[in-house]
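The values are calculated or read from the model by the stated rules, or taken from the named source; none is laboratory data. Keep in mind it's a predicted model, so treat the numbers as computed, not measured. Here Cβ is always computed from backbone atoms with ideal geometry, including for glycine, and neighbour counts include all displayed protein chains.
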Amino acid sequence: MDRINRYLFRECSITSLIALLVLSFMTMLPQVLRLVDLWVNRQMPVSILGTMISLSIPKILLTTLPMALLVGVLLALGRMAQESEMVVLKACGISPLQILRPIALLALLYTALALALSTLWLPRAYHHFASLKQALLSSTTLALKPQAFSHAIPGLTFYIEEQDPQSHLLYGLLIHDRRNPAAPITLTARRGEIRALPSGETILHLQEGTRHQTLPDQHYRALRFANYQMDLGIALGLKTKTTQKQLDELSQGELSRLMREAPPKESYEAWMEWHRRFSFPLATLILGLFAVPLGLQQNHRSGRSYALVVAVVTLILHFALLSVGETLARKQIINPIVGFWLPNLLMAALTFYIIRAAHQCRPFYWANWLANSLATLPQRLLAAPQDK
(Lines give C-alpha, C1' and ligand atoms only; values in the text may rest on other atoms or scores of the structure.)
Protein backbone atom coordinates (compact mmCIF):
# COMPACT_ATOMS: atom_id res chain seq x y z
CA MET A 1 0.00 0.00 0.00
CA ASP A 2 2.87 2.38 0.75
CA ARG A 3 4.20 1.82 -2.76
CA ILE A 4 0.78 2.65 -4.25
CA ASN A 5 0.56 5.80 -2.12
CA ARG A 6 4.00 6.92 -3.28
CA TYR A 7 3.08 6.19 -6.89
CA LEU A 8 -0.15 8.21 -6.71
CA PHE A 9 1.60 11.06 -4.90
CA ARG A 10 4.42 11.15 -7.46
CA GLU A 11 2.12 11.05 -10.51
CA CYS A 12 -0.14 13.82 -9.22
CA SER A 13 2.83 15.90 -8.05
CA ILE A 14 4.51 15.82 -11.46
CA THR A 15 1.40 16.77 -13.43
CA SER A 16 0.43 19.45 -10.90
CA LEU A 17 3.91 20.98 -11.05
CA ILE A 18 3.83 21.04 -14.86
CA ALA A 19 0.36 22.62 -14.77
CA LEU A 20 1.61 25.18 -12.23
CA LEU A 21 4.55 26.17 -14.45
CA VAL A 22 2.39 26.45 -17.58
CA LEU A 23 -0.42 28.41 -15.91
CA SER A 24 2.02 30.72 -14.10
CA PHE A 25 3.88 31.44 -17.33
CA MET A 26 0.63 32.22 -19.16
CA THR A 27 -0.50 34.51 -16.33
CA MET A 28 2.87 36.26 -16.08
CA LEU A 29 3.37 36.76 -19.82
CA PRO A 30 1.26 39.96 -20.26
CA GLN A 31 3.02 41.65 -17.34
CA VAL A 32 6.45 40.58 -18.61
CA LEU A 33 5.65 42.05 -22.03
CA ARG A 34 4.59 45.32 -20.40
CA LEU A 35 7.81 45.46 -18.39
CA VAL A 36 9.90 44.62 -21.46
CA ASP A 37 8.25 47.60 -23.16
CA LEU A 38 9.49 49.77 -20.28
CA TRP A 39 12.98 48.34 -20.78
CA VAL A 40 12.99 48.92 -24.56
CA ASN A 41 11.18 52.25 -24.80
CA ARG A 42 11.88 53.81 -21.39
CA GLN A 43 15.44 52.54 -20.81
CA MET A 44 14.55 50.95 -17.47
CA PRO A 45 17.56 49.10 -15.95
CA VAL A 46 17.50 45.31 -16.30
CA SER A 47 18.08 44.89 -12.55
CA ILE A 48 14.89 46.81 -11.74
CA LEU A 49 13.04 44.87 -14.43
CA GLY A 50 14.09 41.57 -12.85
CA THR A 51 13.13 42.78 -9.38
CA MET A 52 9.65 43.77 -10.54
CA ILE A 53 9.12 40.39 -12.22
CA SER A 54 10.26 38.51 -9.10
CA LEU A 55 7.93 40.60 -6.90
CA SER A 56 4.97 39.61 -9.08
CA ILE A 57 5.62 35.86 -8.67
CA PRO A 58 3.90 35.42 -5.23
CA LYS A 59 0.64 36.92 -6.49
CA ILE A 60 0.73 34.82 -9.66
CA LEU A 61 1.46 31.61 -7.74
CA LEU A 62 -1.37 32.30 -5.30
CA THR A 63 -3.74 32.62 -8.26
CA THR A 64 -2.56 29.55 -10.15
CA LEU A 65 -2.01 27.08 -7.28
CA PRO A 66 -5.64 25.89 -6.96
CA MET A 67 -6.07 25.66 -10.74
CA ALA A 68 -2.79 23.77 -11.15
CA LEU A 69 -3.67 21.28 -8.42
CA LEU A 70 -7.13 20.65 -9.87
CA VAL A 71 -5.87 20.21 -13.43
CA GLY A 72 -2.82 18.18 -12.37
CA VAL A 73 -4.81 15.65 -10.35
CA LEU A 74 -7.39 15.27 -13.13
CA LEU A 75 -4.70 14.69 -15.75
CA ALA A 76 -2.85 12.16 -13.59
CA LEU A 77 -5.98 10.17 -12.73
CA GLY A 78 -7.20 10.48 -16.31
CA ARG A 79 -3.99 8.94 -17.64
CA MET A 80 -4.27 6.11 -15.13
CA ALA A 81 -7.89 5.52 -16.16
CA GLN A 82 -6.99 5.49 -19.87
CA GLU A 83 -4.28 2.89 -19.23
CA SER A 84 -6.65 0.75 -17.09
CA GLU A 85 -4.56 1.30 -13.95
CA MET A 86 -7.68 2.36 -12.05
CA VAL A 87 -9.38 -0.90 -12.99
CA VAL A 88 -6.42 -2.82 -11.59
CA LEU A 89 -6.47 -0.80 -8.36
CA LYS A 90 -10.19 -1.44 -7.87
CA ALA A 91 -9.70 -5.13 -8.63
CA CYS A 92 -7.06 -5.24 -5.89
CA GLY A 93 -9.57 -3.86 -3.40
CA ILE A 94 -8.23 -0.30 -3.30
CA SER A 95 -11.15 1.98 -2.40
CA PRO A 96 -11.59 5.60 -3.55
CA LEU A 97 -10.87 6.76 0.01
CA GLN A 98 -7.51 4.99 -0.08
CA ILE A 99 -6.72 6.69 -3.39
CA LEU A 100 -7.74 9.99 -1.80
CA ARG A 101 -5.16 9.83 1.02
CA PRO A 102 -1.90 10.56 -0.86
CA ILE A 103 -3.61 13.20 -2.99
CA ALA A 104 -5.03 14.81 0.16
CA LEU A 105 -1.44 15.07 1.44
CA LEU A 106 -0.45 16.82 -1.79
CA ALA A 107 -3.44 19.16 -1.43
CA LEU A 108 -2.36 19.98 2.14
CA LEU A 109 1.15 20.85 0.92
CA TYR A 110 -0.27 23.14 -1.78
CA THR A 111 -2.58 24.72 0.79
CA ALA A 112 0.32 25.35 3.18
CA LEU A 113 2.23 27.01 0.33
CA ALA A 114 -0.81 29.13 -0.53
CA LEU A 115 -1.15 30.19 3.12
CA ALA A 116 2.52 31.16 3.26
CA LEU A 117 2.14 33.16 0.06
CA SER A 118 -1.03 34.90 1.24
CA THR A 119 0.06 35.75 4.79
CA LEU A 120 3.85 36.15 4.53
CA TRP A 121 5.36 36.54 1.07
CA LEU A 122 2.64 38.51 -0.72
CA PRO A 123 2.49 41.35 1.87
CA ARG A 124 6.28 41.63 1.70
CA ALA A 125 6.17 41.68 -2.10
CA TYR A 126 3.60 44.48 -2.06
CA HIS A 127 5.69 46.42 0.46
CA HIS A 128 8.89 46.05 -1.58
CA PHE A 129 7.04 46.94 -4.77
CA ALA A 130 5.65 50.11 -3.18
CA SER A 131 9.15 51.06 -2.04
CA LEU A 132 10.53 50.35 -5.51
CA LYS A 133 7.82 52.45 -7.14
CA GLN A 134 8.56 55.36 -4.81
CA ALA A 135 12.28 55.02 -5.53
CA LEU A 136 11.61 55.09 -9.28
CA LEU A 137 9.49 58.22 -8.91
CA SER A 138 12.16 59.86 -6.76
CA SER A 139 14.91 58.93 -9.24
CA THR A 140 12.87 60.39 -12.09
CA THR A 141 12.35 63.57 -10.08
CA LEU A 142 16.01 63.78 -9.07
CA ALA A 143 17.05 63.32 -12.71
CA LEU A 144 15.49 66.73 -13.43
CA LYS A 145 18.24 69.23 -12.68
CA PRO A 146 17.26 72.85 -11.93
CA GLN A 147 18.01 75.42 -14.64
CA ALA A 148 19.02 72.74 -17.15
CA PHE A 149 17.30 70.89 -19.98
CA SER A 150 16.70 67.21 -19.20
CA HIS A 151 15.63 64.18 -21.26
CA ALA A 152 14.91 61.83 -18.33
CA ILE A 153 11.94 60.32 -20.21
CA PRO A 154 12.19 59.58 -23.96
CA GLY A 155 10.12 61.97 -26.05
CA LEU A 156 9.91 64.60 -23.29
CA THR A 157 12.17 67.59 -22.65
CA PHE A 158 12.03 69.20 -19.19
CA TYR A 159 13.29 72.51 -17.87
CA ILE A 160 12.71 73.57 -14.26
CA GLU A 161 13.73 76.67 -12.33
CA GLU A 162 13.76 75.19 -8.82
CA GLN A 163 13.32 71.88 -7.02
CA ASP A 164 12.47 71.30 -3.35
CA PRO A 165 14.80 68.48 -2.18
CA GLN A 166 12.46 67.54 0.69
CA SER A 167 9.03 67.41 -0.98
CA HIS A 168 10.38 66.89 -4.54
CA LEU A 169 8.08 69.67 -5.75
CA LEU A 170 9.13 71.30 -9.03
CA TYR A 171 8.79 75.05 -9.73
CA GLY A 172 8.87 77.03 -12.97
CA LEU A 173 8.38 74.15 -15.41
CA LEU A 174 8.74 74.17 -19.18
CA ILE A 175 7.93 70.85 -20.91
CA HIS A 176 8.04 69.93 -24.59
CA ASP A 177 6.21 66.71 -25.53
CA ARG A 178 7.24 65.37 -28.95
CA ARG A 179 5.95 61.79 -28.47
CA ASN A 180 3.44 62.59 -31.22
CA PRO A 181 5.56 64.40 -33.84
CA ALA A 182 2.48 65.40 -35.84
CA ALA A 183 1.04 67.37 -32.89
CA PRO A 184 3.79 68.43 -30.43
CA ILE A 185 2.76 69.96 -27.11
CA THR A 186 4.50 72.60 -25.02
CA LEU A 187 3.46 73.19 -21.41
CA THR A 188 4.43 75.75 -18.81
CA ALA A 189 3.44 75.59 -15.14
CA ARG A 190 4.21 77.39 -11.92
CA ARG A 191 4.44 74.16 -9.92
CA GLY A 192 4.47 70.40 -10.57
CA GLU A 193 4.86 67.03 -8.88
CA ILE A 194 5.40 63.48 -10.15
CA ARG A 195 2.75 61.10 -8.74
CA ALA A 196 1.76 57.44 -9.01
CA LEU A 197 -1.95 56.79 -9.56
CA PRO A 198 -3.77 53.83 -7.93
CA SER A 199 -4.15 52.36 -11.44
CA GLY A 200 -0.37 52.00 -11.69
CA GLU A 201 0.15 54.90 -14.11
CA THR A 202 2.70 57.65 -13.43
CA ILE A 203 1.69 61.27 -14.05
CA LEU A 204 3.08 64.78 -13.72
CA HIS A 205 0.57 66.92 -11.85
CA LEU A 206 0.88 70.56 -12.97
CA GLN A 207 -0.66 73.68 -11.42
CA GLU A 208 -1.30 77.17 -12.83
CA GLY A 209 0.02 76.90 -16.35
CA THR A 210 -0.67 76.88 -20.08
CA ARG A 211 -0.78 74.21 -22.77
CA HIS A 212 0.19 74.98 -26.37
CA GLN A 213 -0.26 72.53 -29.25
CA THR A 214 0.28 72.71 -33.01
CA LEU A 215 -2.21 70.45 -34.79
CA PRO A 216 -1.47 68.50 -38.01
CA ASP A 217 -3.58 70.96 -40.05
CA GLN A 218 -1.28 73.78 -38.80
CA HIS A 219 -3.95 75.13 -36.46
CA TYR A 220 -2.78 76.37 -33.09
CA ARG A 221 -4.50 75.56 -29.79
CA ALA A 222 -3.81 77.22 -26.42
CA LEU A 223 -5.26 76.29 -23.04
CA ARG A 224 -4.85 77.89 -19.64
CA PHE A 225 -5.33 75.56 -16.65
CA ALA A 226 -5.34 75.57 -12.87
CA ASN A 227 -4.63 71.83 -12.59
CA TYR A 228 -3.41 69.48 -15.31
CA GLN A 229 -2.34 65.83 -15.30
CA MET A 230 0.23 64.75 -17.86
CA ASP A 231 0.73 61.04 -18.51
CA LEU A 232 4.44 60.20 -18.42
CA GLY A 233 3.87 56.84 -20.13
CA ILE A 234 5.23 54.73 -17.27
CA ALA A 235 2.94 51.92 -16.07
CA LEU A 236 4.34 49.87 -13.17
CA GLY A 237 1.48 47.35 -12.85
CA LEU A 238 0.02 45.70 -9.70
CA LYS A 239 -3.13 47.80 -9.89
CA THR A 240 -4.81 48.09 -6.52
CA LYS A 241 -6.93 50.60 -4.71
CA THR A 242 -4.99 52.86 -2.39
CA THR A 243 -6.62 51.62 0.82
CA GLN A 244 -6.49 48.00 -0.26
CA LYS A 245 -2.87 48.34 -1.33
CA GLN A 246 -1.89 49.66 2.10
CA LEU A 247 -3.66 46.71 3.72
CA ASP A 248 -1.92 44.30 1.35
CA GLU A 249 1.44 45.51 2.65
CA LEU A 250 0.64 44.83 6.31
CA SER A 251 1.92 41.78 8.13
CA GLN A 252 -0.49 39.57 10.06
CA GLY A 253 0.50 41.20 13.35
CA GLU A 254 -0.01 44.71 11.97
CA LEU A 255 -3.33 43.64 10.47
CA SER A 256 -4.55 42.21 13.80
CA ARG A 257 -3.49 45.38 15.62
CA LEU A 258 -5.36 47.49 13.05
CA MET A 259 -8.48 45.37 13.58
CA ARG A 260 -8.35 46.07 17.34
CA GLU A 261 -7.24 49.70 17.46
CA ALA A 262 -8.34 51.41 14.24
CA PRO A 263 -11.60 53.37 13.75
CA PRO A 264 -14.62 51.32 12.65
CA LYS A 265 -14.17 51.86 8.90
CA GLU A 266 -10.46 50.97 8.85
CA SER A 267 -11.07 48.09 11.26
CA TYR A 268 -13.75 46.69 8.94
CA GLU A 269 -11.38 46.87 5.95
CA ALA A 270 -8.66 45.10 7.96
CA TRP A 271 -11.16 42.42 9.03
CA MET A 272 -12.07 41.82 5.38
CA GLU A 273 -8.40 41.56 4.42
CA TRP A 274 -7.82 39.03 7.20
CA HIS A 275 -10.65 36.79 5.93
CA ARG A 276 -9.48 37.17 2.32
CA ARG A 277 -5.96 35.98 3.16
CA PHE A 278 -7.27 32.73 4.64
CA SER A 279 -10.32 31.97 2.48
CA PHE A 280 -8.48 31.84 -0.84
CA PRO A 281 -5.80 29.31 0.29
CA LEU A 282 -8.53 27.08 1.73
CA ALA A 283 -10.05 26.90 -1.76
CA THR A 284 -6.83 25.16 -2.84
CA LEU A 285 -7.46 22.31 -0.40
CA ILE A 286 -11.12 21.96 -1.35
CA LEU A 287 -10.45 21.95 -5.09
CA GLY A 288 -7.65 19.42 -4.66
CA LEU A 289 -10.01 17.03 -2.86
CA PHE A 290 -12.77 17.77 -5.37
CA ALA A 291 -10.54 16.60 -8.23
CA VAL A 292 -10.11 13.06 -6.86
CA PRO A 293 -13.67 11.65 -7.15
CA LEU A 294 -14.14 13.61 -10.36
CA GLY A 295 -11.00 12.04 -11.80
CA LEU A 296 -12.12 8.57 -10.72
CA GLN A 297 -15.25 8.97 -12.89
CA GLN A 298 -13.10 9.07 -16.03
CA ASN A 299 -13.03 5.97 -18.20
CA HIS A 300 -12.31 4.87 -21.76
CA ARG A 301 -15.61 6.22 -23.04
CA SER A 302 -15.65 9.63 -21.37
CA GLY A 303 -11.92 10.33 -21.60
CA ARG A 304 -10.31 13.30 -19.89
CA SER A 305 -12.53 15.95 -21.49
CA TYR A 306 -15.48 14.95 -19.31
CA ALA A 307 -13.73 15.73 -16.03
CA LEU A 308 -11.95 18.81 -17.38
CA VAL A 309 -15.21 20.35 -18.59
CA VAL A 310 -16.89 19.83 -15.21
CA ALA A 311 -13.77 21.05 -13.38
CA VAL A 312 -13.46 24.25 -15.44
CA VAL A 313 -17.15 25.11 -15.00
CA THR A 314 -16.97 24.41 -11.25
CA LEU A 315 -13.76 26.44 -10.93
CA ILE A 316 -15.28 29.45 -12.71
CA LEU A 317 -18.45 29.31 -10.60
CA HIS A 318 -16.49 28.97 -7.37
CA PHE A 319 -14.23 31.96 -7.96
CA ALA A 320 -17.14 33.97 -9.35
CA LEU A 321 -18.94 33.40 -6.04
CA LEU A 322 -15.80 34.42 -4.13
CA SER A 323 -15.57 37.62 -6.19
CA VAL A 324 -19.26 38.44 -5.72
CA GLY A 325 -19.01 37.71 -2.00
CA GLU A 326 -16.00 40.02 -1.63
CA THR A 327 -17.78 42.80 -3.54
CA LEU A 328 -20.93 42.52 -1.42
CA ALA A 329 -18.88 42.41 1.78
CA ARG A 330 -16.88 45.48 0.71
CA LYS A 331 -20.14 47.37 0.16
CA GLN A 332 -21.29 46.12 3.61
CA ILE A 333 -24.32 44.41 2.09
CA ILE A 334 -23.39 41.10 3.71
CA ASN A 335 -21.08 40.07 6.54
CA PRO A 336 -17.47 39.35 5.43
CA ILE A 337 -17.70 35.90 7.02
CA VAL A 338 -20.60 35.08 4.68
CA GLY A 339 -18.99 36.73 1.66
CA PHE A 340 -15.63 35.00 1.97
CA TRP A 341 -16.53 31.65 3.52
CA LEU A 342 -19.94 30.70 2.07
CA PRO A 343 -18.50 29.83 -1.39
CA ASN A 344 -15.90 27.60 0.27
CA LEU A 345 -18.58 26.00 2.44
CA LEU A 346 -20.77 25.25 -0.59
CA MET A 347 -17.78 23.84 -2.46
CA ALA A 348 -16.81 21.72 0.54
CA ALA A 349 -20.36 20.32 0.72
CA LEU A 350 -20.27 19.45 -2.99
CA THR A 351 -16.85 17.83 -2.54
CA PHE A 352 -18.10 15.73 0.38
CA TYR A 353 -21.10 14.65 -1.68
CA ILE A 354 -19.10 13.44 -4.69
CA ILE A 355 -16.47 11.74 -2.46
CA ARG A 356 -19.27 9.82 -0.78
CA ALA A 357 -20.85 9.00 -4.14
CA ALA A 358 -17.51 7.77 -5.49
CA HIS A 359 -16.98 5.61 -2.40
CA GLN A 360 -20.43 4.07 -2.94
CA CYS A 361 -19.70 3.65 -6.69
CA ARG A 362 -22.64 5.88 -7.64
CA PRO A 363 -22.38 7.96 -10.86
CA PHE A 364 -22.60 11.76 -10.78
CA TYR A 365 -25.73 12.34 -12.84
CA TRP A 366 -25.47 16.13 -12.63
CA ALA A 367 -21.85 16.02 -13.83
CA ASN A 368 -22.76 13.73 -16.74
CA TRP A 369 -25.60 16.05 -17.71
CA LEU A 370 -23.36 19.13 -17.52
CA ALA A 371 -20.56 17.55 -19.56
CA ASN A 372 -22.96 16.22 -22.22
CA SER A 373 -24.79 19.56 -22.45
CA LEU A 374 -21.57 21.51 -22.96
CA ALA A 375 -20.22 18.92 -25.40
CA THR A 376 -23.31 19.10 -27.63
CA LEU A 377 -23.77 22.88 -27.31
CA PRO A 378 -21.75 23.79 -30.47
CA GLN A 379 -23.71 21.25 -32.54
CA ARG A 380 -27.02 22.64 -31.32
CA LEU A 381 -25.95 26.22 -32.02
CA LEU A 382 -24.87 25.31 -35.55
CA ALA A 383 -28.02 23.29 -36.18
CA ALA A 384 -30.39 26.08 -35.09
CA PRO A 385 -29.88 28.34 -38.17
CA GLN A 386 -30.26 25.35 -40.52
CA ASP A 387 -33.62 24.43 -38.96
CA LYS A 388 -34.90 27.92 -39.65
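Here are the numbers for this structure:
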quantity: Filter result for the condition that a residue is under 24 Å from residue 298 (Cβ atoms), β-branched (Val, Ile, Thr), in contact with a helix residue (DSSP H, G or I) (Cβ under 7 Å, 6 or more places away or on another chain) and part of a helix (DSSP H, G or I), over 88, 71, 32; calculated: 71
quantity: Extreme residue, modelled with the highest pLDDT, among residues of region 6-51 that are polar (S, T, N, Q) and surrounded by fewer than 16 Cβ atoms within 10 Å (Cβ to Cβ); calculated: 51
quantity: Enumeration of residues in region 1-20 that are without any contact (Cβ under 8 Å) to a residue 12 or more places away in the chain and closer than 20 Å to residue 284 by Cα; calculated: 10
quantity: Selected residue (criterion: nearest to residue 201 (Cα to Cα)) from residues of region 24-77 that are in contact (Cβ under 8 Å) with a residue 40 or more places away in the chain and of a type in the set (Ser, Thr, Tyr); calculated: 56
quantity: Failed item, numbered, when residue 54 is tested on (1) under 15 Å from residue 295 (Cβ atoms); (2) modelled with pLDDT under 95; calculated: (1)
quantity: Residue, surrounded by the most Cβ atoms within 10 Å (Cβ to Cβ), within region 149-178, restricted to residues that are modelled with pLDDT of 85 or more and assigned to a loop (DSSP other than H, G, I, E, B); calculated: 169
quantity: Boolean, residue 247 is in a loop (DSSP other than H, G, I, E, B) and either modelled with pLDDT under 90 or exposed (fewer than 14 other Cβ atoms within 10 Å of the Cβ) (or both); calculated: no
